[in-house]
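J.: Quick one: the structure is below, and I'll ask about it shortly.
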Amino acid sequence: MCRNKLSTRCSPNISPPPDPAGAMRGLPAVHRFLSEPRIDAFQALLGNVAVKRAINDVLRAARSKPTSQPASFQTLLEHIIARLGEAQAASLVSVVNATGVLLHTNLGRAPLAETALAAMHQVGKGYSNLEYDLVEGVRGSRYAHVSRLISDATGAEDALVLNNCAAAVLLVLDTFARGREVIVSRNQLVEIGGGFRLPDVMLRSGVRLVEVGTTNKVYLSDYQAALNAQTALLLRTHQSNYEIQGFVSDVCAARLAALGKRIAIPTVEDLGGGALVDLSRYGLPHERTVLEAVADGIDLITFSGDKLLGGPQAGIIVGKKSYLARLRNNPMLRALRVDKMTLGALGATVQLYDTPSGITQIPLYRMLAATVDELESRARSYRDALHGERLRVTVASTLAYTGGGTLPLAEIPSRGFALEVEGAAAVDTARKLRSLPTPVVVRVQEGRCIFDLRTVEPTIDKQVQQMLVQHV
Ligand SMILES: *Cc1c(COP(=O)(O)O)cnc(C)c1O
């Protein structure tokens, strides 16, 4: 599974021209490099054409250099491997995440469960009833399939799925508040990363932001004082990636929802993370769940599919049926819609929440459930496989994080190992690890490369060990 290249290859039928000149200048022939295991490992990823091109490029460069002494086989080999590493970095490939950050946004957030992958395969390989009502034989809704599953799992009246959570927030603002006012507490004016700043999003949505309260203290009376005929929404944002501590006072969601109901103005909560289970089961601090937001009476709740839900990239809106109907009628929805494979994967992921054993099939929760003892014994197996003259490997205590802008302060005790390579600086080793046939991303701490095993799937341990022995 490690070696799957995700992008398509270019035409495999164009072979590079033969290179008799190389041999003439005393340079090794192309086939000698092709049979090198360290080069061969790249063939599955990049394809034969790209590998031969890299070899020929390096040989051509060596030939054109005006030196009396031709470069050695070993030197050329290293140059070719460096070039192959660069070629790989330019395409979408799977990597080993040894950072210990479970929902690493730069590394694609949540890995998918087997059933979610199977659903994508099933829906992708042929036709489906995506927008077809099989009972009536007429056009149906692409959202119907998964809406029901999400409503059941969250206790909400209705659900809608879009491209991502940012899109969900945009659609809500555009539908209910364009040209009008949205009240937000000053302790929730968040930037969630990737340039998504709540005040900017509001501006772009043609919504007037009305800030109430102060950074540390907000009261219900602050909201009440800001109400007027232009008020369209009361918005709460989950403080998913920061915390305000000390002398603080906040308005709880249930009270805000009650106020909204009393004055007939919808309340919205942007949850971001989207947990469906209580994370304190995994030794983490309690994280507000979607079910709690629904139970508090919030009218519309937005969250991501690929954060604490552990599914594909998606934005989910759950809430009151009549409000969801208005969102469905917004023509903008067409531009934010999700494809069939996302719907398949999301539906399959949500279904896993039906049973405790289903939840353990979601990679995120499997990784969170791994015990420190299990991780330590795996770390020892890495040490035994790798430790030697050139490689110094020690078992290490580490701290893992959920990442993806969720639970920023929660440290998860974890285990892994520290790797030092004889004569090499840690940053150079880390760079080399990133250029392996399956790139490995590690943390560099105190001059050592730290591998956190909580984010490494145990089924690939042997493969990773072999690759490290062979290439590092
Ligand atoms: C992550 C996050 C978003 C954006 O979610 P995407 O699915 O990445 O678009 C929005 N709001 C909050 C509070 C978040 O944490």
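J.: Can you give the angle from 0 to 90° between the axis of helix 340-351 and the longest principal axis of the chain, with both taken from C-alpha atoms, to the nearest 10?
T.: Between the helix axis and the principal axis of the chain, the angle is about 70 degrees.
J.: Grab the beta carbon distance between ASP384 and THR459, set R0 = 25 Å, and tell me the FRET efficiency rounded to 0.05. All intermediate terms of the calculation are to be shown ahead of the outcome.
T.: Working: r = 18 Å, r/R0 = 0.74.
Given R0 = 25 Å and the Cβ-Cβ separation, E is 0.85.
J.: How large is the Kirkwood hydrodynamic radius of the chain, counting all unique pairs of alpha carbons, in Å?
T.: By the Kirkwood definition, the hydrodynamic radius is 25.2 Å.
J.: Would you please give the FRET efficiency between LYS261 and LEU92, computed as 1/(1 + (r/R0)^6) with r the Cβ-Cβ distance and R0 = 56 Å, to the nearest 0.05?
T.: Numbers: r = 47 Å, r/R0 = 0.83.
My answer for the efficiency is 0.75.
J.: State, in angstrom, two size descriptors of the stretch 54-111 derived from its alpha carbons: Rg to one decimal place and Dmax to the nearest whole number.
T.: Computed over the Cα atoms of the stretch 54-111, radius of gyration and Dmax are 17.5, 54 Å.
J.: In nanometres, what is the gap between the two model label sites at ARG186 and LYS217, each 7 Å from Cα along Cα-to-Cβ?
T.: 1.1
J.: Here is a follow-up. Show the residues, 5+ positions off or on another chain, whose built amide H is closer than 5 Å to the amide H of ALA71.
T.: Answer set, sorted by chain and number: none.
J.: Residues with beta-carbon under 14 Å from that of THR289, excluding THR289: net charge, scoring Lys, Arg +1 and Asp, Glu -1?
T.: With Lys, Arg at +1 and Asp, Glu at -1, the neighbours total -2.
J.: When only C-alpha pairs under 8 Å and at least 6 residues apart count, what is the relative contact order of the chain, in percent?
T.: Result for the chain is 19 percent.
J.: Report the residues of the stretch 248-279 in range of a label on GLN224: point 7 Å along Cα→C-beta, backbone N strictly under 15 Å from it.
T.: Only 251-252, 255-264 fall inside the zone, counting backbone N under 15 Å.
J.: How far is the Cα center of the stretch 98-176 from the Cα center of the stretch 257-289, in Å?
T.: That distance is 20 Å.
J.: Provide the percentage of antiparallel DSSP beta bridges, counting only those with both residues in the chain; round to the nearest 5.
T.: The antiparallel fraction comes to roughly 60 percent.
J.: For the chain, find the longest principal axis of its Cα atoms and tell me its angle to the long axis of helix 165-177, 0 to 90°, nearest 10.
T.: 30
J.: Using Cβ contacts closer than 10 Å as the measure, can you line up TYR353, TYR132 from fewest to most?
T.: The most exposed by this proxy come first: TYR132, TYR353.
J.: Give the order of VAL395, VAL464, VAL469 when sorted by the count of other beta carbons within 10 angstrom, beginning with the fewest.
T.: With the sparsest Cβ surroundings first, the list reads VAL469, VAL395, VAL464.
J.: Here is a follow-up. Short version: ³J(HN,Hα) in whole Hz for each residue of the stretch 445-453, in order, from phi by Karplus 6.51 cos²θ - 1.76 cosθ + 1.60 (θ = phi - 60°), x for Gly and Pro, what are they?
T.: 9, 6, x, 10, 8, 9, 9, 9, 7
J.: On a C-alpha basis, how far is the centre of the stretch 347-374 from the centre of the stretch 33-52 in Å? Whole number, if you could?
T.: That distance is 37 Å.
J.: From the square roots a ≥ b ≥ c of the eigenvalues of the alpha-carbon gyration tensor of the stretch 181-236, which class results: rounded (a/c under 1.5), prolate (a/b over b/c), or oblate?
T.: Oblate.
J.: Cα gyration tensor of the stretch 283-342, axes a ≥ b ≥ c as square roots of the eigenvalues: rounded (a/c below 1.5), prolate (a/b > b/c) or oblate?
T.: Oblate shape, in that a/c is at least 1.5 and b/c is the bigger or equal ratio.
J.: For the chain, what does -39500 (n - 2.57) per DSSP helix run (n ≥ 4), summed and divided by total residues, give at 222 nm, in deg cm²/dmol to the nearest 500?
T.: -11000 deg cm²/dmol
J.: At R0 = 35 Å, how high is the FRET efficiency between LEU409 and ARG139 if r is their beta carbon distance? Nearest 0.05 is fine.
T.: Once rounded, the FRET efficiency stands at 0.15.
J.: Run the numbers for ASN329 and LEU203: contour at 0.36 nm per residue of separation, minus the present Cα-Cα distance, in nm.
T.: Net length gain for the segment: 43.1 nm.
J.: Return the sequence-ordered ³J(HN,Hα) values of the stretch 428-440 in whole Hz as given by the Karplus equation 6.51 cos²θ - 1.76 cosθ + 1.60 applied to θ = phi - 60°, using x for Gly and Pro.
T.: Each residue of the stretch 428-440 in turn: 6, 5, 4, 5, 5, 4, 6, 9, 5, x, 10, x, 10 Hz.
J.: Once the piece of chain linking LEU34 and THR371 is laid out straight, how much longer is it, given 0.36 nm per residue of separation minus the C-alpha distance between them? Display every interim value, and only then the final one.
T.: Values: separation 337, 0.36 × 337 = 121.32 nm, distance 4.27 nm.
117.1 nm is the gain from fully extending LEU34 to THR371.
J.: Based on the mean of other Cβ atoms within 10 Å per residue, sort peptides 195-201, 225-231, 273-279 so the most packed one is first.
T.: Answer by packing, highest mean first, reads 273-279, 195-201, 225-231.
J.: Counting Lys and Arg as +1 and Asp and Glu as -1, what is the net charge of the other residues whose Cβ lies under 11 Å from the Cβ of ALA379?
T.: Neighbourhood net charge equals -1.
J.: Another question about this same structure. For the stretch 328-338, in order, what is each residue's ³J(HN,Hα) by Karplus, 6.51 cos²θ - 1.76 cosθ + 1.60 with θ = phi - 60°, in whole Hz (x at glycine and Pro)?
T.: Values per residue, Gly and Pro as x: 5, 8, 6, x, 4, 4, 4, 7, 10, 6, 9 Hz.
J.: Then there is this: What angle, in degrees between 0 and 90 and rounded to the nearest 10, separates the Cα long axis of helix 114-125 from the longest principal axis of the Cα atoms of the chain?
T.: Between helix and principal axis, roughly 90 degrees.
J.: Work through the residues other than ALA110 whose Cβ is under 12 Å from its Cβ and net out their charges, Lys, Arg +1 and Asp, Glu -1.
T.: +2
J.: Would you work out which of VAL251, ALA275, LEU309 lies farthest towards the positive end of the dipole of the stretch 215-320, given +1 charges on the beta-carbon of Lys and Arg and -1 on that of Asp and Glu, about the Cα centre?
T.: Going by the charge dipole, the pick is VAL251.
J.: Do me a favour and compute the ellipsoid semi-axes for the stretch 272-381 from its Cα gyration tensor, root of five times each eigenvalue, largest one first, whole Å.
T.: Values for the stretch 272-381, descending: 31, 17, 11 Å.
Every number here is computed from the coordinates shown, using simple stated rules; none is lab data. A quick note: this is a predicted structure, and the numbers were derived from the prediction, not measured. FYI the Cβ positions are ideal-geometry reconstructions off the backbone, even for glycines, and counts take in every protein chain you see.
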